[in-house]
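The values are calculated or read from the model by the stated rules, or taken from the named source; none is laboratory data. Remember, it's a predicted structure, so these values are computed and weren't measured experimentally. Here the Cβ positions follow ideal geometry from the backbone for every residue, glycine too, while neighbour counts run over all protein chains shown. Ligands, DNA and RNA are excluded from the accessible area calculation, which covers all protein heavy atoms including side chains. Shrake-Rupley method; radii C 1.70, N 1.55, O 1.52, S 1.80 Å.
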Amino acid sequence: TGQTLRDIEIICVDDCSTEPITEFIIERMKQDPRIKLVQNFYSQGSFHSRKNGVFTAKGQYIVSVDSDDMMLPDSIHPVYNYAVTMNADVVDYVAENRVEGDRIRRSDRRFISKDWKACKENFTNKYDLRLKYINNKLSYNIWKRMVRRSLYIKALSFMSQFAFKKKLIRTEDLFSLGSILLFTNNMYCTKFPVYAHFMFQ
């Protein structure tokens, strides 16, 4: 919500949720034609659910949002403009990391970090970028980056053979970003505040 970039798709993936989320999304779809629903026939886990969303998308760039997180208001437009201007494959942005306790109201959630695993340098040499990642010098969180869709699809198409019939959940960020960086020629660090990631106590 609260995004000024209007020409976007909002793709919701239902991985066989036990909550009445499908009905909620369908009602929202009636009000906003930008919203699309992808329903998995069986529970496939985070990696394949994200892949299904990416392959449904039509836009130039993709931003991923976990089900318990949120985008900050008016955060996508400046990142998108920057990505287009720089012809970027990947753009890293600021993601807040917050603690959510059972009795903590949304406005009272405490910060662990206001810039989670901050990106400190731009990469225009793909070999340097991969070396940083291999040596654990970069955040592996896929929700911390805007990714060119064509590159994302190429990466997932290549890596899906290794994930065939595997339900990847906790490792999917590491697996997804690693595959993306195989095909990435550049990545830019920015200080645009975009994302809020919530951790539970």
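Working only within region 50-67, note down all residues that are closer than 18 Å to THR22 by Cβ, of a type in the set (Gly, Ala, Ser) and modelled with pLDDT of 90 or more.
GLY53
Just give me the residues in region 45-56 being crowded, with 16+ Cβ neighbours inside 10 Å and hydrophobic (A, V, I, L, M, F, W, C), in sequence order.
Restricting attention to region 45-56, the residues satisfying the condition of being crowded, with 16+ Cβ neighbours inside 10 Å are 45-54.
Of everything in region 45-56, those that are crowded, with 16+ Cβ neighbours inside 10 Å and hydrophobic (A, V, I, L, M, F, W, C) turn out to be PHE47, VAL54.
Please go through region 25-57 and give me each residue that is part of a loop (DSSP other than H, G, I, E, B) and in contact (Cβ under 8 Å) with a residue 60 or more places away in the chain, ordered by number.
Scanning region 25-57 gives SER43, GLN44, ALA57.
List the number of the failed condition for ASP92; all other conditions in (1) modelled with pLDDT of 95 or more; (2) open to solvent by 60 Å² or more (accessible area, probe 1.4 Å) hold.
For ASP92, the failing item is (2).
When you check THR22 against the structure, is it touching a strand residue (DSSP E or B) at 6+ places or on another chain (Cβ under 7 Å), free of Cβ contacts under 8 Å to residues at least 24 places away in the same chain and not acidic (Asp, Glu), yes or no?
yes
If I filter region 3-14 for residues that are within 14 Å of TRP143 (Cα to Cα), touching a residue at least 40 places away in the same chain (Cβ under 8 Å) and open to solvent by less than 70 Å² (accessible area, probe 1.4 Å), do I get at least one hit? Explain how you work it out, then say what you get.
Kept after step one, since they are within 14 Å of TRP143 (Cα to Cα), are these residues of region 3-14: none.
No, region 3-14 contains no residue that is within 14 Å of TRP143 (Cα to Cα), touching a residue at least 40 places away in the same chain (Cβ under 8 Å) and open to solvent by less than 70 Å² (accessible area, probe 1.4 Å).
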